[in-house]
Structures are given as C-alpha cells and as structure tokens.
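**Student:** After the structure tokens below, expect a handful of questions from me.
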Amino acid sequence: MAIQFNFVSSMLILVLLSISSVEGQGGGGGGVINVVAKFGAKADEKTDLSKPLLDAWKEACASTSPSKIVIPKGIYFLSTATLDGPCKAPIELQVQGAVKAPVDPGAFKEPKWIAFNRIENFKLSGGGVFDGQGTTAYKREGCKGHDYCGSLPINLRFDFLTNAMIQDITTKDSKQFQANVLGCKNITFEHFTVSAPDESPNTDGIHIGRSDGVNVLNSEIKTGDDCVSIGDGSKILVINGVTCGPGHGISIGSLRLFKNEEPVDGVTVKNCTMTNTSNGVRIKTWPGAEPGTCSNIHFEDITVTNVSSPIIIDQNYCPWNKCKIKEESKVKLSNISFKNIHGTSARPEAVKIICSATLPCENVELADIEITHSGPTEPAVSQCSNVKPKVSGKQNPAACSAPIPAKPTPTA
C-alpha cells in the first residue's frame with residue numbers, strides 16, 4: 001500500500017510542478033486566465049458565472065501549455081457547469097472566492113451542479129467554497145421520510161479523471177452528495193473540507209466508486225450521512241488523517257444491492273477521528289442481494305468519541321426494510337483488520353461483527369481495542385456472528401463475548 005501511495009504522490013507532484021509554472025509562459029496559449037478580467041465574470045451573487053467559466057475552460061483546454069484559471073475573491077452565482085476533457089495540457093482551477101448554487105432544487109435538470117469530466121493532470125485549489133445552498137432540499141417532501149434524495153444535484157462530480165489533486169477546497173450544504181468520485185485513477189483530496197448539518201439527508205462527504213488509487217488526506221468532514229462512503233469497484237484507497245462528525249462515519253458499502261457491481265479490494269483507513277457519529281468504521285452489505293467480494297480492508301489508529309457503533313460489519317444492512325431480510329448476504333468478506341481503535345461508544349454495542357451465515361467472514365483481526373460505553377449504566381459489549389476473529393492485544397470489551405439479540409439495533 002505504501003509503495004502505491006508514494007508512486008501516486010510522486011506523479012501528482014510532477015503534475016503540480018508543471019501546472020505551477022504557467023505564469024509568464026508565452027507561446028502555445030496557457031498562462032493565467034482570470035475569469036473576471038478576461039471574461040467579465042461578476043462577483044455580485046446574481047450574474048451567472050457559467051459562461052465566463054466555460055469560456056475560460058475552453059481556452060485552457062485547447063492550450064498546449066499548462067494553464068491556470070482563477071476565480072478571484074468574491075461571491076459568485078453559478079447555475080451549473082460541466083468542464084469536459086480531454087485537454088491538451090495540465091490545468092489548474094484556482095477558486096479563491098465563494099461560488100453559490102441555485103437555491104431551488106427544481107432549477108436542475110440533472111443530478112449535478114459542477115462536474116469535471118474525462119480530464120488528465122488536473123488540480124482544483126485556492127481555498128474557495130462551493131456552496132450548494134441545500135437547506136431547502138433537506139426539507140423537500142419525500143427526502144426526510146426515507147433518507148434518500150437520489151434526484152437532487154451533487155455539489156462536485158469528478159468523473160473519469162486521471163492524476164488529479166483537490167486541495168484546500170470547501171464544499172458545503174450540497175443538496176445530495178458533497179463530492180462524487182467515479183471511474184477515477186490517481187486522485188487525491190487534501191485539506192478538503194465538508195460542511196453540512198447533521199439533519200441533511202444523503203449528503204455523503206465523499207462517495208467513491210469504481211476508482212483506483214484514491215487518497216483522502218488531512219481533511220475535515222461534517223455532514224448528515226457517511227463522511228466517506230466507498231462503493232463497488234474501489235481499489236487501492238488510502239484515507240488518512242480525516243476528522244469526521246457529525247455524520248455516519250467511514251463506510252464501505254452498502255454493497256451488492258444491484259447487479260454487475262465490481263469487487264472492493266485494498267482499503268486502508270488510518271489516523272482518523274470520529275466524534276458524535278452514528279458509526280465509526282463500517283462495512284455494510286445487503287442481505288439476499290447479488291454475490292460479490294470485499295477484501296483487504298484495514299482500519300487502524302482510530303479514535304472514537306461518543307460514537308453509536310464504533311466498529312461494525314453489518315451483512316444484514318436494510319435501512320428502509322426494502323430487502324430480503326430473511327436471506328443471507330452473498331458478499332464474501334475476507335482479510336479485514338481493526339487495530340488500535342479506542343475511545344467511547346454512545347451505545348453498549350461497541351463492537352458488532354455480523355457476517356453472513358452462507359459466506360462467513362474470513363481472516364478478520366481484532367487488535368488492541370479499547371472502547372468504553374459513555375452511558376451511565378451498561379458496560380460496552382462485543383457481538384459476533386458467523387466469524388472467528390484473530391484476537392491480539394488488549395480487548396475491552398472482551399472480543400465476541402456478548403450474545404446477538406433477536407432484533408439487533410439497526411444502523412443508519
């Protein structure tokens with residue numbers, strides 16, 4: 001895993017060096033493109049930024065020299081924008097100001113606000129803010145009842161990017177996912193900030209699917225759903241130094257609800273902190289759904305504070321009772337470790353590993369677990385089903401020492 005991470009980091013450094021050299025370049029286009037100075041963008045919160053931004057992107061994308069597009073400080077209104085590649089040279093989009101979306105969810109014809117599509121050697125930076133203005137959407141009829149708002153726009157979509165860096169950017173109050181990563185290769189989020197209220201439904205901080213070589217580093221995520229959610233086809237992921245809360249923790253899944261989902265392989269979550277979240281580190285699969293695999297998953301050096309379910313494998317995940325709850329999950333889980341996880345649990349069930357009876361979990365490890373119940377009465381407990389974990393180091397609560405109740409506490 002370390003070799004892969006170092007290789008990806010080296011590639012990104014080379015890309016960023018080439019992008020940072022754009023100022024003062026001459027022939028072949030390129031250089032710095034200021035959307036206000038060159039294309040007349042206005043930071044008045046009402047004039048649409050869409051055309052100036054797309055015009056700047058068209059020029060940068062056609063350049064044979066590296067380019068930097070700058071959105072200066074100020075507050076801008078943007079209806080929607082899709083920035084398409086492939087482009088001829090590296091591009092950096094430096095957002096220094098705040099960009100606001102339409103408040104009305106009905107203003108969107110597609111479930112996206114800003115999309116970056118099929119670009120190689122790309123950087124998004126500048127310390128700016130993408131404000132989805134999603135408060136109205138959180139109250140929209142049909143969302144609150146079942147916690148699913150699939151037709152609403154995602155703040156930031158990163159689709160089929162290769163060698164990308166998202167650095168020093170904030171996304172807030174998206175109407176759906178804050179950021180969605182699909183089909184990407186070698187993309188890093190660093191000092192990425194997500195801000196949304198606890199009651200915002202389906203607003204995953206970063207959702208990752210069918211991507212290879214994704215790094216989420218030193219970032220702060222506060223939202224109403226998973227801080228990071230990892231979907232099918234995700235390979236070689238590193239999540240390091242993330243603080244999460246409020247939210248639903250860092251989750252793999254839910255997996256295998258749909259046909260043709262791809263395996264998940266090689267995920268490391270390390271040096272992360274969860275505070276007042278409904279879950280800590282979690283793997284969730286649907287019962288009675290499609291077959292699949294999830295392997296080589298490692299959670300290490302995790303601090304939990306008042307987390308409802310700090311350690312959880314849930315192969316009976318059924319949040320809306322729309323599944324074959326009496327059937328076993330067909331997802332095979334193997335080579336999974338939970339190491340040096342400590343702190344407090346808001347519920348007595350600090351450790352809950354519920355595996356499939358048809359395909360029991362294999363090679364699960366619990367090492368140095370120290371979690372106490374923050375409630376006034378019951379001690380923390382550890383529950384296991386269809387798994388025989390390898391146990392080492394301190395175990396508080398004692399590993400797999402408590403029975404599984406007839407009706408386990410459901411998870412969000």
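The values are calculated or read from the model by the stated rules, or taken from the named source; none is laboratory data. All of these numbers come straight from a predicted model, not from anything done at the bench. For neighbour counting, all protein chains shown are included, and Cβ atoms are generated from backbone atoms with ideal geometry for every residue, glycine included. Note: accessible area is taken over every heavy atom of the protein model, side chains too, but ligands, DNA and RNA are not part of it. Shrake-Rupley method; radii C 1.70, N 1.55, O 1.52, S 1.80 Å.
**Student:** So for region 93-101 (the condition being in a loop (DSSP other than H, G, I, E, B) and either closer than 30 Å to ASP265 by Cα or modelled with pLDDT under 95 (or both)), does at least one residue qualify?
**Tutor:** At the first step, the residues of region 93-101 found to be in a loop (DSSP other than H, G, I, E, B) are 96-97, 101.
Those left that are additionally either closer than 30 Å to ASP265 by Cα or modelled with pLDDT under 95 (or both): none.
Taking every residue of region 93-101 in turn, none turns out to be in a loop (DSSP other than H, G, I, E, B) and either closer than 30 Å to ASP265 by Cα or modelled with pLDDT under 95 (or both).
**Student:** Mind counting the residues in region 189-204 that are in a strand (DSSP E or B) and either surrounded by fewer than 22 Cβ atoms within 10 Å (Cβ to Cβ) or over 12 Å from the mean Cα position of the chain (by Cα) (or both)?
**Tutor:** Keep residues of region 189-204 that are in a strand (DSSP E or B), which gives 189-195.
Narrowing further to those that are either surrounded by fewer than 22 Cβ atoms within 10 Å (Cβ to Cβ) or over 12 Å from the mean Cα position of the chain (by Cα) (or both): 190-191, 193, 195.
Counting residues in region 189-204 that are in a strand (DSSP E or B) and either surrounded by fewer than 22 Cβ atoms within 10 Å (Cβ to Cβ) or over 12 Å from the mean Cα position of the chain (by Cα) (or both) gives 4.
**Student:** Out of the residues in region 275-284 that are free of Cβ contacts under 8 Å to residues at least 60 places away in the same chain and open to solvent by less than 10 Å² (accessible area, probe 1.4 Å), which is farthest from ILE208 (Cα to Cα)?
**Tutor:** It comes out as THR277.
**Student:** Kindly evaluate HIS207 against the criterion of being surrounded by 20 or more Cβ atoms within 10 Å (Cβ to Cβ) and under 28 Å from GLY126 (Cα atoms). Break it down into steps so the answer makes sense when it comes.
**Tutor:** On the way: surrounded by 20 or more Cβ atoms within 10 Å (Cβ to Cβ): yes; under 28 Å from GLY126 (Cα atoms): yes.
In short, yes.
**Student:** Something else about it: Got at least one residue in region 285-301 being buried (at least 24 other Cβ atoms within 10 Å of the Cβ) and modelled with pLDDT under 95?
**Tutor:** Step one: list which residues in region 285-301 are buried (at least 24 other Cβ atoms within 10 Å of the Cβ), which gives 285-286, 294, 297, 299.
Then drop every residue that is not modelled with pLDDT under 95, which leaves 285-286.
Yes, there is a match, as at least one residue in region 285-301 is buried (at least 24 other Cβ atoms within 10 Å of the Cβ) and modelled with pLDDT under 95.
**Student:** Turning to a different aspect of this structure: Could you count how many residues in region 359-383 are in a strand (DSSP E or B), over 12 Å from PHE338 (Cβ atoms) and open to solvent by less than 30 Å² (accessible area, probe 1.4 Å)?
**Tutor:** 1
**Student:** With in contact with a His (Cβ under 8 Å, 6 or more places away or on another chain), outside any loop (DSSP other than H, G, I, E, B) and of a type in the set (A, V, I, L, M) as the only criterion, which of ILE336, ILE353 stands out?
**Tutor:** Numbers: ILE353 fails: in contact with a His (Cβ under 8 Å, 6 or more places away or on another chain).
The conditions single out ILE336.
**Student:** Out of the residues in region 387-410 meeting the condition of being farther than 23 Å from ASN340 by Cα and either open to solvent by less than 70 Å² (accessible area, probe 1.4 Å) or more than 29 Å from the chain's Cα centre (by Cα) (or both), tell me which one is modelled with the highest pLDDT. Break it down stepwise before answering.
**Tutor:** Start the filter on region 387-410 by keeping residues that are farther than 23 Å from ASN340 by Cα, which leaves 403-410.
If we keep only those that are either open to solvent by less than 70 Å² (accessible area, probe 1.4 Å) or more than 29 Å from the chain's Cα centre (by Cα) (or both) as well, we get 403-409.
Numbers: PRO403: 87, ILE404: 83, PRO405: 77, ALA406: 69, LYS407: 66, PRO408: 63, THR409: 65.
Among them, the one singled out is PRO403.
**Student:** A further question on this structure: So, in region 326-347, how many residues would count as being more than 20 Å from LYS390 (Cα to Cα) and among the hydrophobic types (A, V, I, L, M, F, W, C)?
**Tutor:** To start, the set of residues in region 326-347 that are more than 20 Å from LYS390 (Cα to Cα) comprises 326-331, 343-347.
With among the hydrophobic types (A, V, I, L, M, F, W, C) added as a condition, the list becomes 331, 346.
Of the residues in that region, 2 qualify.
**Student:** Of the residues PRO90, PRO105, PRO111, which single one is of a type outside the set (Val, Ile, Thr), more than 16 Å from LEU54 (Cα to Cα) and touching a Phe, Trp or Tyr at 6+ places or on another chain (Cβ under 8 Å)? Explain how you work it out, then say what you get.
**Tutor:** On the way: PRO105 fails: touching a Phe, Trp or Tyr at 6+ places or on another chain (Cβ under 8 Å); PRO111 fails: touching a Phe, Trp or Tyr at 6+ places or on another chain (Cβ under 8 Å).
Only one candidate passes the filter, namely PRO90.
**Student:** Let me ask another. Anything in region 205-216 that is part of a strand (DSSP E or B) and not acidic (Asp, Glu)? List them, or say none. Give the derivation first.
**Tutor:** First pass over region 205-216, keeping only residues part of a strand (DSSP E or B): 206-209, 212-216.
Within region 205-216, ILE206, HIS207, ILE208, GLY209, GLY213, VAL214, ASN215, VAL216 meet the criteria.
**Student:** Hey, can you tell me all the residues within region 277-295 that are within 18 Å of the chain's Cα centre (by Cα) and not hydroxyl-bearing (Ser, Thr, Tyr)?
**Tutor:** ASN279, GLY280, VAL281, ARG282, ILE283, LYS284, CYS294
**Student:** Right, here's the next one. Out of (1) within 15 Å of CYS272 (Cβ to Cβ); (2) touching a helix residue (DSSP H, G or I) at 6+ places or on another chain (Cβ under 7 Å), the odd one out for SER219 is which?
**Tutor:** The single condition SER219 does not satisfy is (2).
**Student:** Kindly indicate the residue of region 47-72 that is farther than 20 Å from ASN155 by Cβ and in a loop (DSSP other than H, G, I, E, B) and also most open to solvent (accessible area, probe 1.4 Å) among those meeting that condition.
**Tutor:** Checking each candidate, the answer is THR64.
Yes/no per residue for (1) without any contact (Cβ under 8 Å) to a residue 40 or more places away in the chain; (2) touching a Gly at 6+ places or on another chain (Cβ under 9 Å):
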| residue | (1), (2) |
| --- | --- |
| THR162 | no, no |
| MET165 | no, no |
| ASP173 | no, yes |
| LYS185 | yes, yes |
| ASP198 | no, yes |
| ILE208 | yes, yes |
| VAL216 | yes, yes |
| LYS222 | yes, yes |
| ASP232 | no, yes |
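**Student:** Counting only residues that are touching a residue at least 24 places away in the same chain (Cβ under 8 Å) and not aliphatic (A, V, I, L, M), which one in region 97-108 is most open to solvent (accessible area, probe 1.4 Å)?
**Tutor:** The first filter runs over region 97-108 and keeps only residues touching a residue at least 24 places away in the same chain (Cβ under 8 Å), leaving 97-105, 107-108.
Next cut, not aliphatic (A, V, I, L, M) only: 97, 100, 102, 104-105, 108.
Details: GLY97: 7, LYS100: 54, PRO102: 17, ASP104: 93, PRO105: 20, PHE108: 30 Å².
Top of the filtered list is ASP104.
**Student:** Just to check your reading of the model, which residue among ILE353, ILE325 is open to solvent by 40 Å² or more (accessible area, probe 1.4 Å) and over 28 Å from GLY213 (Cβ atoms)?
**Tutor:** Only one candidate passes the filter, namely ILE325.
**Student:** Name the residue that is farthest from the chain's Cα centre (by Cα), counting only residues in region 73-96 that are open to solvent by less than 30 Å² (accessible area, probe 1.4 Å) and aliphatic (A, V, I, L, M).
**Tutor:** Applying the filter and picking the extreme gives ALA89.
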